[in-house]
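The values are calculated or read from the model by the stated rules, or taken from the named source; none is laboratory data. Please read these numbers as outputs of a predicted model, since none were measured by experiment. Glycine also receives a Cβ, built like all others from the backbone with ideal geometry; neighbour counts cover every protein chain displayed.
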Amino acid sequence: MRTFAPVQWNEGLRREFLILVLIITFMIDKNIVKEIVEEWLKDKDYFLVDVETDASDRIVVEIDHADGVWIEDCVALSRYIEEHLSRDEQDYELEVGSAGIGQPFKVEQQYVNHIGKPVEVLAADGTKCKGILKAVEGRHFTVTAEEKVKVEGKKRPQLMAVDHDYDMDSVKYTKYLISFK
């Protein structure tokens, strides 16, 4: 049976801790990437949806536009970011793209761009509502859904437009409903 001296185990533990500290120290700062992207976005109709970075130095940038995102603009933004980050200091993987169609909305501008279009909302209580995004005011929005409502004097429920008000911060998700009809 082999035994190891406690010093050897402690030194190994210290080495692993040091490697972890170095990884955390040299991870690309999300805020720096965000500033670079926002600088590129100035005077453009695009808006920033999200920036993600991780410990493996993977950077994912999502942008959007009311009329969709062009691949040429993704390439231009990617090159702009690469010009402002040094690969000599740190190697990274960069992915620039649009906020996917049918993905949950992340920023207010996505709600504004989808006014008058079909959306699905999953409320905090777990109920789903499918309807037309009617209005957006600050962090609040209204969805008009067709629902059967019992009308006084009628035997059967009638199909009527019903407004549902939500707060962006209190829904699990809101996303554009894609229809292939």
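Please go through segment 162-181 and give me each residue that is part of a strand (DSSP E or B) and in contact (Cβ under 8 Å) with a residue 40 or more places away in the chain, ordered by number.
H164, Y166, V171, K172, Y173, T174, K175, Y176
Whether any residue in segment 126-141 is in contact (Cβ under 8 Å) with a residue 12 or more places away in the chain and closer than 15 Å to D50 by Cα is what I want to check.
no
Scan A76, A66 and give me the residue that is surrounded by fewer than 16 Cβ atoms within 10 Å (Cβ to Cβ), more than 24 Å from I178 (Cβ to Cβ) and of a type in the set (A, V, I, L, M, F, W, C).
When all the criteria are applied, what remains is A76.
Please work out which residue is farthest from Y46 (Cα to Cα), limiting yourself to segment 76-102 and to residues that are in contact (Cβ under 8 Å) with a residue 60 or more places away in the chain and in contact with an Asp or Glu (Cβ under 9 Å, 6 or more places away or on another chain).
Q90
Any residue at all in segment 112-127 that is surrounded by 12 or more Cβ atoms within 10 Å (Cβ to Cβ), farther than 25 Å from G68 by Cα, out of contact with any Asp or Glu (no Cβ under 8 Å at 6 or more places or on another chain) and acidic (D, E)?
Within segment 112-127, none of the residues are surrounded by 12 or more Cβ atoms within 10 Å (Cβ to Cβ), farther than 25 Å from G68 by Cα, out of contact with any Asp or Glu (no Cβ under 8 Å at 6 or more places or on another chain) and acidic (D, E).
Evaluate segment 150-161: report whether one residue or more is under 27 Å from E35 (Cβ atoms), in contact (Cβ under 8 Å) with a residue 12 or more places away in the chain and not charged (D, E, K, R).
No.
Of the numbered conditions (1) surrounded by fewer than 18 Cβ atoms within 10 Å (Cβ to Cβ); (2) at pLDDT below 95; (3) over 15 Å from K175 (Cβ atoms), E137 fails exactly one; give the number of that condition.
Every condition holds for E137 apart from (2).
Please state which of the following conditions D91 fails to meet, knowing it meets all the rest: (1) surrounded by 17 or more Cβ atoms within 10 Å (Cβ to Cβ); (2) under 27 Å from V61 (Cα atoms).
(1)
Look at G131 and say whether it is more than 24 Å from K34 (Cβ to Cβ) and in a strand (DSSP E or B).
So G131 fits the description; yes.
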